[in-house]
Ligand SMILES: Nc1ncnc2c1ncn2[C@@H]1O[C@H](COP(=O)(O)OP(=O)(O)OP(=O)(O)O)[C@@H](O)[C@H]1O
Ligand SMILES: [Mg+2]
């Protein structure tokens, strides 16, 4: 009986492994040709499942037709996406591709959520594959066996296509040297379009396969893609076969964990990733293609003297904020903006000045919130010690997460930080002290330092404002210190900085810890504002929001995070009644920022005024 | 093509006031030259003169270029690179461009056939027997000379009658240089038109009909093979030797 359960968990592992393999294969194929990590991959997987659903519901086309038609439809949509959007990114840093496809994923998932809510739509198992066979040691549902076999066939067919055919030779050659292949008379731009279409068609195929097992939901691909990123980090994207094998292997490990230690089943892949990175910082295959220098931030602040302009403007803004309680503006809203501006500022320190895109800053923001909330509520610590506990915990967390991720660059760094953050999300989801979905509510508002009564909104407001000013000045000080100068030169040209004798990894590591600590500080302050600590703050969408705030406000600017937070948080407030349309809007802002508006609000303003903000 | 062009020999390639830029930096400043059908023309010039850039601009590989590049009477200045390649120009770049993820055979068969009348694979192995022995090795595991042979061989297959070679002898042993010289001679006999960039003056004078001297992105002088002996001193001063 126990053996029976083991085998059925193994089977589930293989099925998940099939999806991991198909998705990471598509990611690898796309990355090879387009140099883009396709964050929208999960969304196309979801659309594949929905396409199958629609074909059935509106045209009466069943599973077998959908198995062919849905990938074709999604592939065509992917080709259109490449033509209209991704093509604009050619020759830009890889990170922009990640940001744009993240925005695209938000738009697509948001639209489907608006239309279908978050619950699942049923999709039946095709008649020919209902039932199962008893293999003696286990009962094998036919459909599940089919998924594994068919995925394997699709993977091998893809491998054959790329490694053994003429078309595949064009593809491999164009990956290496697109312009020469073009000079031979091959239409490389068309190949790029088709490749993207093919990659997302594979994702859609996985979506159709999964529809009868997992039901059809708008967010079915959102969490999956993060797991697939971890798979990609483990296996690298250099080889087709490597992606496939890693995908299946990771699925099996996950299945085994479900049997032997079910509590860890949702985190095991991330733990595996962390362990492998600790042993081999370059990943298993060691051929993970590193993004080159990430010069993501558009030329930032120049001369030293001009920097002071930013500080002066900041002073004026602060004075305005300090006078705010005299007006009738509702301070709660401004306090929230300040917390988000601070966490975005911390993130900005890393990307705008260190060139490192962390897609996991929610782990600091949210963790600090939990720790502070717990310290104040359960341990009964005074607010200042609660904040200290949260900040200290984040410094430690940043030291750990940084040690794991900092040696990888560009998109890999982004994927690793995202994966670590997702792992923590699952930990918090299960940990008893966080109260799961409910979060920690009604945080007591004691006197800070024994005198400041946080229950008084005006006092709280000034405390939060002081925290914001303190944090921002710390960031300013760091950027303009010798340390910040070295960081800048690393961002501009790491090999040169290394050759000048700087231990660049150490500098980046310190920057990461600093950034994580400050992000934690923002998270601790926010607890007293919103009166709770919940899973929302550790979710990947929060990491995305932090990125968005910074991008919109202006990468590498001092005032950008505040401007970005103001726009994003107020749009959330005012558009709350439109539900998921807000997600769609945020995704659209992401795309618009990447396509047309890379300096962000403050950056563009600074350019017009010819000053540095 | 108009009657004037048809006088004695037909023009295969006509480059007029060709300008090209790498980003903001202006590298070609009005290149002017042409190549007649069946002719072998060599671009000479110091390092950085703009020879490679000229070839890239002809192939449509420069992001920004202006002027005129007529190939077989077709204006190509506004065509994308892949359309230019299809007109029947075979290009062998300076860094050879052998693909490491392809084996020798795949490298050889990669460029699509654009015209009839290309060399057959037998012809090719006849010319370059080394390649036959290494057919299934990874492309970049070949020696430099073998890679050069492969880079030339693969464009002879396509039926392109116009061959563009960027420093085919660079870094090769004298025996192999001779072999490449013989290959070019055989191609000329077969009626191929060849545009060549060469630093090796001795090699260049042994194969070319005409020489265009390039400096600062312009053709500053044109010599025929007959002129060469008489103007060795002038050539040496152009090339700074
Ligand atoms: N990718 C590039 N980006 C910017 N400038 C370039 C680039 N490639 C070449 N250049 C510049 O353009 C000019 C012409 O270069 P080109 O490669 O055409 O010279 P060349 O005549 O082929 O020289 P060589 O004999 O050394 O091969 C040089 O000044 C060079 O510095
Ligand atoms: Mg050159």
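The values are calculated or read from the model by the stated rules, or taken from the named source; none is laboratory data. The shown structure was predicted, so the numbers you read here are calculated from the model rather than taken from an experiment. When we count neighbours, we look across all protein chains shown, and the Cβ atoms used for this are built from the backbone with ideal geometry, even at glycine.
General remarks:
- Top-ranked residue in region B:145-171 [being within 16 Å of ligand 2 (Cβ to nearest atom) and away from chain A (no Cβ under 14 Å); ranked as farthest from residue B:92 (Cα to Cα)]: B:171
- For residue B:29, the criteria (1) within 16 Å of ligand 2 (Cβ to nearest atom); (2) more than 14 Å from chain A (Cβ to nearest Cβ); (3) farther than 26 Å from residue B:153 by Cα hold in every case but one, which is (1).
- Helices (runs of 4 or more DSSP H) fully within region A:176-242 that include at least 1 residues being within 14 Å of another protein chain (Cβ to nearest Cβ): A:178-183, A:188-214.
- Looking across region B:14-26, the residues that are away from ligand 2 (no atom under 14 Å from the Cβ) and either within 14 Å of another protein chain (Cβ to nearest Cβ) or crowded, with 23+ Cβ neighbours inside 10 Å (or both) come down to B:15, B:18, B:23.
- Single residue of A:107, A:74, A:148, A:133 found to be more than 14 Å from every other protein chain (Cβ to nearest Cβ) and not in a helix (DSSP H, G or I): A:133
- Residue in region A:343-362 that is surrounded by fewer than 24 Cβ atoms within 10 Å (Cβ to Cβ), part of a loop (DSSP other than H, G, I, E, B) and in contact with a helix residue (DSSP H, G or I) (Cβ under 7 Å, 6 or more places away or on another chain) present: no
- Enumeration of residues in region A:159-171 that are surrounded by 20 or more Cβ atoms within 10 Å (Cβ to Cβ) and under 14 Å from residue A:28 (Cα atoms): A:162, A:171
- In this entry, residue A:192 passes the filter for residues that are assigned by TED's automatic domain parsing to the domain that holds residue A:85 and under 32 Å from the mean Cα position of the chain (by Cα).
- The helices (runs of 4 or more DSSP H) falling completely within region A:510-613 that include 2 or more residues that are over 23 Å from residue A:103 (Cβ atoms) and more than 22 Å from the chain's Cα centre (by Cα) map to A:600-609.
- Complete set of residues in region B:166-202 that are within 16 Å of ligand 1 (Cβ to nearest atom) and touching a strand residue (DSSP E or B) at 6+ places or on another chain (Cβ under 9 Å): B:166, B:167, B:168, B:195, B:196, B:197, B:198, B:199, B:201
- Boolean, residue A:590 is in contact with a helix residue (DSSP H, G or I) (Cβ under 9 Å, 6 or more places away or on another chain), at pLDDT 85 or above, surrounded by fewer than 21 Cβ atoms within 10 Å (Cβ to Cβ) and not assigned by TED's automatic domain parsing to the domain that holds residue A:84: no
- Leading residue by the ranking (surrounded by the fewest Cβ atoms within 10 Å (Cβ to Cβ)) among those in region B:176-192 that are in contact with a helix residue (DSSP H, G or I) (Cβ under 9 Å, 6 or more places away or on another chain) and in contact (Cβ under 8 Å) with a residue 60 or more places away in the chain: B:188
- Considering residues of region B:40-59 that are more than 17 Å from residue B:201 (Cβ to Cβ) and surrounded by fewer than 22 Cβ atoms within 10 Å (Cβ to Cβ) only, the residue modelled with the lowest pLDDT: B:48
- Hey, residue A:152 closer than 19 Å to residue A:51 by Cα, surrounded by 15 or more Cβ atoms within 10 Å (Cβ to Cβ) and under 32 Å from the mean Cα position of the chain (by Cα) or not: no
- Residue match in region B:225-233 (condition: in a loop (DSSP other than H, G, I, E, B), surrounded by fewer than 22 Cβ atoms within 10 Å (Cβ to Cβ) and within 16 Å of ligand 2 (Cβ to nearest atom)): no
- Within region B:43-70, the residues that satisfy the criterion of being within 13 Å of residue B:18 (Cβ to Cβ), out of contact with any helix residue (DSSP H, G or I) (no Cβ under 7 Å at 6 or more places or on another chain) and either more than 16 Å from ligand 2 (Cβ to nearest atom) or within 13 Å of another protein chain (Cβ to nearest Cβ) (or both) are B:55, B:56, B:57, B:58, B:64, B:66, B:67, B:68, B:70.
- Counting the residues of region B:81-108 that are closer than 21 Å to residue B:50 by Cα, more than 7 Å from every other protein chain (Cβ to nearest Cβ) and either at pLDDT 95 or above or in contact with a helix residue (DSSP H, G or I) (Cβ under 8 Å, 6 or more places away or on another chain) (or both) gives 6.
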